[in-house]
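The values are calculated or read from the model by the stated rules, or taken from the named source; none is laboratory data. These numbers come from a predicted model, not from an experiment. Each accessible area value is taken on the protein alone, full model and side chains, heavy atoms only, with ligands, DNA and RNA left out. Shrake-Rupley method; radii C 1.70, N 1.55, O 1.52, S 1.80 Å.
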Amino acid sequence: MWSDLKMIYSKLQDEESTFIFMKRLQYSLGNQDMERMYEMVTRKEGNGQHSLYTLLKERGYYSKEQPIIIFGAGFGGKVYKPFIEGYKVGTLVAFCDNDRQLQGTICEGLPVLSVEEANRQEPTALFILSNAKYSEEMKGQLLGLGVGQERIFCSVSYEPIYGSQYFERDIIRRHTGGEVFIDGGSFDLADTIHFIDEYPKFRKVYAFEPDSSNYIK
């Protein structure tokens, strides 16, 4: 995935495009920049919270064989995978996801299980929450299944940046109506909804989503 992102970035030909691309990537990572992603995997934070690396290395009952399951087989989960593998902090055994269309499939070479099945198969696994927006719900689900607090890891926080993501006031001027919005890669239409809120007199929206599971959403 990182090689794909680097390839895309290298093909952007102007400063505004690279700025928008990095803003989008920043949002997808839970409002964290690339350096922050490395930090939360490799070392302890200044506020005393454990990074993933220290969590696994400093607790005596964890080892490099510690099973790790990434909760969320979407973009965020795919981002975590190379960091975990690269720093050899535990052993990735699976993804888990609540999306039934993903369950039973293979993601980045690993099986995608239901949350319940993941907990049954790997009763000692550490669960990494990859979706900052729904981290509290994900954590609550795991706790409800009897997963101990010490087996749940989330280091990202959800801070929406819609106001500065696509609708910068100095780039997009407010018009009186008739705007057309093209949402290329519309995911769950969240950006389209925000566009409608900003420009309620819009004329038309064209939304494109190639991923079939996202399209259903």
Output yes when any residue across the range 61-70 is open to solvent by 70 Å² or more (accessible area, probe 1.4 Å) and at pLDDT below 65, and no when none is.
yes
Are there any helices (runs of 4 or more DSSP H) wholly within the range 74-189 with 3 or more residues that are open to solvent by less than 50 Å² (accessible area, probe 1.4 Å) and modelled with pLDDT under 80, and if so which?
75-87, 162-165
Checking residue 36 against (1) under 28 Å from residue 187 (Cα atoms); (2) modelled with pLDDT of 70 or more; (3) open to solvent by 60 Å² or more (accessible area, probe 1.4 Å), the condition it does not meet
(2)
